[in-house]
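In what follows, a structure is listed as structure tokens, so that the remarks can point back to it.
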Amino acid sequence: MEESLPITILISVTVVAGIAAQVLAGYFHIPSIVLLLLFGILLGRDGFDFLDPSLLGVGLEVLVSLLVAVILFEGGLNLQLGELKEVSTSLRNLVTLGVLITLTGAAIAAHWLSEFSWSIAFLYASLVVVTGPTVINPLLKQISVQKEVSTLLEGEGVFIDPIGAILAVIVLHFVLSGNVEPLILIKGLVLRLGLGIIIGIGGGWLLSQLLKQDQFLSRELKNLVVLASVWGLFSLAQALRGESGLVVAVVMGIVLRASNLPSELLLRGFNEQLSILANSVLFILLAADLSIASIFALGWGSVLAVLVLMLIIRPINILISTWSQDLNWQQQLFLSWVAPRGIVAASLASLFAVSLTKQGINGGDSIKALVFLTIMMTVLLQGLTAGWVASLLNLPLTSRTEQECLQADDNDINTQENRKIIRIDSELV
């Protein structure tokens, strides 16, 4: 019992700090990731040294994988395919051509400005092609921009996370093995995406049919069955081909959302809470293990590299990806400004740093530091100013009715739950 006490304290303090950061962020109307990073750093090895994630050993990697699966599933569950059709061309361009633009541009910036070797520069670039629903979705709830813009940002965040993660793993493989063949890279990417889509669609459809059988599955078990299914199929895909499980999580969420489940509102509410908990725990733990000295050691060249990523590469990406689409220049400018990096980039950077160190390859700590610098700069500069930029560009929701509908949608889950509780109480009486 005494041997497990430090780990018990580690997990407990992490959860308390994470939820406290979420509460304070909601009260002050700022992106939660800002306080999560701050609390993690303060409690970590370069702060009060109260949290030591290394106590978890390989368990940290397991925890990261499972919680990221929950986050991506929740992101897929919140997507509405009907709305995505309106921006489907731009979205397709962002997660294909846009990935290549960001990968190439970020690698060049990291090589010339941060003085990384080409292999490490491309590894960094593969980590920052992602944006992430854990940062985008809460931000959009706060500022409530026009539907075309919010749908495109949400869709990009959800779809680009597994694609970026798979790409990063493949690039890491080439860095570790020294074998660089474009055809093998493309084959590995397509294979993982295909496997994840097949398992995700099949598993999601079977799960949706099971959830519709009220006589077989009680309401109290439905959410837990979904969680068990997501983790089970995620692990199956991971065992067959590494990182394909991330695709499974996203696709399962999309399939369930499209299935019109009677218990959809309760399911979304449960998974939203799980996602908040997962996001809180991960950011606190990963930030606690971050070396501030390694960030300062990067120098001003790395700051310039991140600024190039934000101010040059992202606008080029948006301009090309949305060319000839029904988006005005104000919408394009806002899309160019808002691209904060999130938990997938942070978690993969932490795991990759360990892998590089184990193989005796220099650059593990530097690449982790540069990724976290990217997260900090994009979240602070873009996240804290997104509302002001939206107002300046006249992009908030166009009418009070739209805002009321959005608020009603957010409150719908609680309303349905309250009605069920009242009905149950009446039956008991």
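Output the number of the condition that residue 354 fails; it satisfies all remaining conditions of (1) open to solvent by 10 Å² or more (accessible area, probe 1.4 Å); (2) part of a loop (DSSP other than H, G, I, E, B).
Here residue 354 clears every test but (2).
Residues being in a loop (DSSP other than H, G, I, E, B) and surrounded by 14 or more Cβ atoms within 10 Å (Cβ to Cβ): count how many of those fall in the range 42-70.
Selection size over the range 42-70: 7.
Among the numbered criteria (1) touching a residue at least 24 places away in the same chain (Cβ under 8 Å); (2) among the hydroxyl-bearing types (Ser, Thr, Tyr); (3) surrounded by fewer than 16 Cβ atoms within 10 Å (Cβ to Cβ), which single criterion is violated by residue 229?
Status for residue 229: all satisfied but (3).
What about residue 263, is it small (Gly, Ala, Ser) and either free of Cβ contacts under 8 Å to residues at least 24 places away in the same chain or open to solvent by 10 Å² or more (accessible area, probe 1.4 Å) (or both)? Lay out the reasoning, then the answer.
Numbers: small (Gly, Ala, Ser): yes; either free of Cβ contacts under 8 Å to residues at least 24 places away in the same chain or open to solvent by 10 Å² or more (accessible area, probe 1.4 Å) (or both): yes.
Taking the combined requirement at face value, the residue satisfies it.
How many residues does the range 236-253 hold that are touching a Pro at 6+ places or on another chain (Cβ under 8 Å) and free of Cβ contacts under 8 Å to residues at least 60 places away in the same chain?
0
For the condition assigned to a helix (DSSP H, G or I), out of contact with any Ser or Thr (no Cβ under 8 Å at 6 or more places or on another chain) and open to solvent by less than 40 Å² (accessible area, probe 1.4 Å), what is the one hit in 164, 196, 155?
Within the list 164, 196, 155, the selection yields 155.
Based on this model, can you work out whether residue 256 counts as within 21 Å of the chain's Cα centre (by Cα), more than 25 Å from residue 167 (Cα to Cα) and touching a residue at least 60 places away in the same chain (Cβ under 8 Å)?
Answer is yes for this residue.
Here is a list of conditions, (1) farther than 13 Å from residue 363 by Cβ; (2) of a type in the set (Ser, Thr, Tyr); (3) open to solvent by 30 Å² or more (accessible area, probe 1.4 Å); (4) touching a residue at least 40 places away in the same chain (Cβ under 8 Å), and residue 126 meets all of them except one; can you say which number that is?
Unmet for residue 126, out of (1) farther than 13 Å from residue 363 by Cβ; (2) of a type in the set (Ser, Thr, Tyr); (3) open to solvent by 30 Å² or more (accessible area, probe 1.4 Å); (4) touching a residue at least 40 places away in the same chain (Cβ under 8 Å): (3).
Within the range 271-301, can you find the residues that are closer than 19 Å to residue 120 by Cα, touching a helix residue (DSSP H, G or I) at 6+ places or on another chain (Cβ under 8 Å) and part of a helix (DSSP H, G or I)?
294, 295, 301
The values are calculated or read from the model by the stated rules, or taken from the named source; none is laboratory data. Computed from a predicted structure; not experimentally measured. All Cβ positions, glycine included, derive from the backbone under ideal geometry; neighbour counts span all protein chains shown. These area figures cover heavy atoms from the full protein model, side chains too; ligands, DNA and RNA do not enter into them. Shrake-Rupley method; radii C 1.70, N 1.55, O 1.52, S 1.80 Å.
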